[in-house]
Amino acid sequence: MRLTPDILDALFLELPQGVALCDGETRLLWANRSWRQAVSRHLGVAPHEVPLGAPLASLLPQAWSRLAPYAASALAGVPAEASNERLAAEGDVFYWNVAMAPASLADAEPGFLLFVTDVTERVIAQRMLENRMRDSFRKLSALYAVASTGVGVKDWRAMLHDALRSTLDAVQATAGAIQLLDSSGAWLILAAHHGLPAEMMAPMERRPIELGLSGWIMRHQRALTANLTQDDRVSPLLRRSELAMFAGVPMTVRGRVTGVLSVYRGKRRPFGDPDVDLLGAVADQIAVGIENARLRQTHDRLLISEERTRLARELHDVVTQSLHSLTLFSEAVQRLLAAGKIEEGRQYAGRISETSQQALREMRLLLHNLRPTALQEAGLVQALRSRLEAVEGRAGIAFQLIADPDVRLPDSVEAACYHLAQEALNNALKHAGANHVSVRLEIDGEQLTLTVADDGQGFDPERVSGGGMGLNSMRERVERLGGAFSIRSDAAAGTTVTVRLNLNQISDRESGLDLIPLVG
């Protein structure tokens with residue numbers, strides 16, 4: 001059927017979809033109201049003024065390069081279509097769903113029908129939603145990155161720098177700083193910075209809280225945004241810089257403001273409420289990380305103090321007593337030899353040898369404990385091997401270590417296993433008089449088994465006080481980790497200590513422990 005204006009009016013005139021008929025030269029022969037309205041917006045004329053007979057290239061000159069291939073396909077007898085086609089006209093960008101189909105004109109000349117649906121608003125709304133989703137994901141990723149930097153970090157300054165960089169990425173800022181309140185509460189100390197002009201460093205190193213934007217945030221304990229080119233609180237030095245916009249928030253932990261997180265933009269695009277909300281969440285997370293680092297330092301100092309006290313007690317209880325015994329035995333030998341009692345003197349001389357060997361073992365053990373442990377550097381297996389070589393090996397005790405040299409476990413598991421094995425080995429060294437010890441570490445799925453055995457003089461576990469040999473502390477350590485502790489000892493067969501731990505249970509118990517002291 002050949003298309004005429006009457007047929008086209010009857011079929012397409014009132015359709016909400018734009019429809020146009022073009023000849024083989026792409027000249028506009030007919031168009032319904034929707035098509036005229038869509039084109040008129042880009043021509044800057046009324047819909048009825050859209051000229052018939054004009055080529056599409058003159059009606060949509062900037063968009064024609066994208067539409068021409070579809071027209072050529074339709075004139076060749078092959079329908080063509082595209083969705084969300086990005087077009088331009090008179091500086092505007094719009095999006096059409098386009099379809100072109102071959103058509104037979106009244107004079108039998110080939111032509112094509114052009115169908116368009118303006119989807120500009122829909123596409124823009126969809127892309128705005130996608131941008132908001134990407135922005136939200138970026139900010140959540142940054143918050144997660146900041147939270148992750150504080151986990152297990154001992155170098156809190158490095159943690160601050162990493163957190164600041166993640167924050168700048170999240171809010172699309174070019175520079176930033178973290179200032180912490182000093183112990184006097186009167187000064188802000190620059191703890192981390194990125195992207196700030198060099199001339200700003202010296203004034204920010206140590207700044208009274210009465211001055212500047214950061215000081216205002218500290219005094220009022222709330223967020224602040226500012227245009228650096230207009231705000232009277234901005235120093236002349238900062239106003240002359242290339243930075244234009246500012247946002248800062250207080251860093252708070254347990255209801256106490258501990259510092260200020262500040263970010264800057266070079267472009268005059270102000271920070272919005274979503275940016276400030278994110279900065280507030282990040283700032284509090286950084287404050288928690290700093291508090292955790294402070295608590296870890298305090299805990300480490302207490303551990304060092306406790307270890308020094310323990311070593312002093314062992315020196316007094318063991319080594320000092322051994323040296324005192326050597327003095328007594330030596331004096332006894334001298335008296336016996338002077339009295340001509342050579343055989344009795346020889347017996348006491350043997351006691352001197354035994355006591356000095358035991359004192360040497362004790363001293364080697366204490367020296368090993370004073371050295372930095374290989375546990376954190378090389379892992380559990382290498383730490384156990386170092387202990388056996390440094391103490392048992394030098395004491396003339398044969399040893400055997402059965403374990404996969406490449407196994408690595410969570411820090412809490414390795415620390416627990418090392419201390420348990422060390423305590424069992426210490427007992428064998430001090431009390432059992434063993435000639436051979438063995439340490440076996442086995443992992444079967446989530447089940448870990450640690451076994452320490454010796455061939456020395458056994459004892460009755462039911463009759464021995466746990467305090468003297470550390471059995472109670474060993475049992476309590478294992479129970480805190482949800483494991484099982486057992487000990488088997490026989491006077492003729494030595495002692496075997498067995499520890500069984502479930503790695504999944506340990507992971508559950510250890511999760512979140514760093515935050516417990518901070519939420520009370």
**OP:** Would you mind calculating the gained length between K341 and L323 on full extension (0.36 nm times residue separation, minus the Cα-Cα distance), in nm to one decimal?
**Re:** 4.1 nm
Original post:
Given 0.36 nm per residue, what is the gain on full extension from L52 to R480 after removing their alpha carbon distance, in nm?
Top reply: 145.3 nm
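What is the magnitude of the charge dipole of region 1-128 about its Cα centre, with +1 placed on the Cβ of each Lys and Arg, -1 on the Cβ of each Asp and Glu, and no other charges, expressed in debye to the nearest 20? Don't skip to the end; give the middle numbers.
Values: 9 positive and 14 negative charges, 71 e Å.
Dipole size: approximately 340 debye.
Tell me, what is the FRET efficiency for H194 and A349 to the nearest 0.05, using R0 = 60 angstrom and their Cβ-Cβ distance as r? Please report the intermediate quantities before stating the final value.
Working: r = 72 Å, r/R0 = 1.20.
The pair H194/A349 has a calculated efficiency of 0.25.
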Original post:
Once you treat every alpha carbon in region 159-230 as an equal point and sum by Debye, what is log10 I(q)/I(0) at q = 0.18, 0.23, 0.24 Å⁻¹?
Top reply: -0.78, -1.24, -1.32
Original post:
Accessible area of L11, 1.4 Å probe, to the nearest 10 Å²?
Top reply: 100 Å²
Subject >> Percent carbon-and-sulfur accessible area, region 1-121, ignoring ligands, DNA and RNA, probe 1.4 Å >> reply: 53 percent
Subject >> Percent RCO, i.e. relative contact order, over region 396-463, from Cα pairs under 8 Å lying at least 6 residues apart >> reply: 35 percent
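Could you tell me the ratio Rg/Rh of region 33-83? Both radii from Cα atoms, Rh via Kirkwood. Could you put the intermediate results ahead of the total?
Values: Rg = 12.1 Å, Rh = 12.0 Å.
We get a ratio of 1.01 for region 33-83.
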Original post:
What is the distance, in nm, between label points placed 7 Å from the Cα along the Cα-to-Cβ direction at S83 and at E121?
Top reply: 2.0 nm
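Show V116, V45 ordered by accessible area, largest first, where the area counts protein heavy atoms only and the probe is 1.4 Å. Intermediate values should be presented prior to the final figure.
Details: V116 5, V45 55 Å².
Largest to smallest exposure gives the sequence V45, V116.
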Original post:
Say R0 is 25 Å: what FRET efficiency, to the nearest 0.05, do R33 and A76 get from their beta-carbon distance?
Top reply: 0.30
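Got a sec? What order do I124, I209, I286, I189 fall in by accessible area at 1.4 Å, biggest, i.e. largest, first?
Details: I124 80, I209 30, I286 0, I189 55 Å².
Ranked list, largest accessible area first: I124, I189, I209, I286.
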Subject >> Chain lengthening between L302 and S330 when straightened (0.36 nm per residue, less Cα-Cα) >> reply: 6.0 nm
**OP:** Work out how far the C-alpha atoms of region 401-447 reach from end to end along every principal axis, then list the three figures in whole Å, largest first.
**Re:** 35, 19, 17
**OP:** Decide, for region 1-110, between rounded, prolate and oblate: order the square roots of the alpha carbon gyration tensor eigenvalues as a ≥ b ≥ c, take rounded if a/c falls under 1.5, and otherwise choose prolate if a/b is larger than b/c, else oblate.
**Re:** oblate
Original post:
For M200, what accessible area in Å² do you get when you roll a 1.4 Å probe over the heavy atoms of the protein chains, rounding to the nearest 10?
Top reply: 10 Å²
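The values are calculated or read from the model by the stated rules, or taken from the named source; none is laboratory data. The model shown is predicted, which means the values in this text are computed figures rather than measured ones. Don't worry about glycine lacking a Cβ; one is built from the backbone with ideal geometry, like all the others, and counts go over all protein chains shown. Each accessible area value is taken on the protein alone, full model and side chains, heavy atoms only, with ligands, DNA and RNA left out. Shrake-Rupley method; radii C 1.70, N 1.55, O 1.52, S 1.80 Å.
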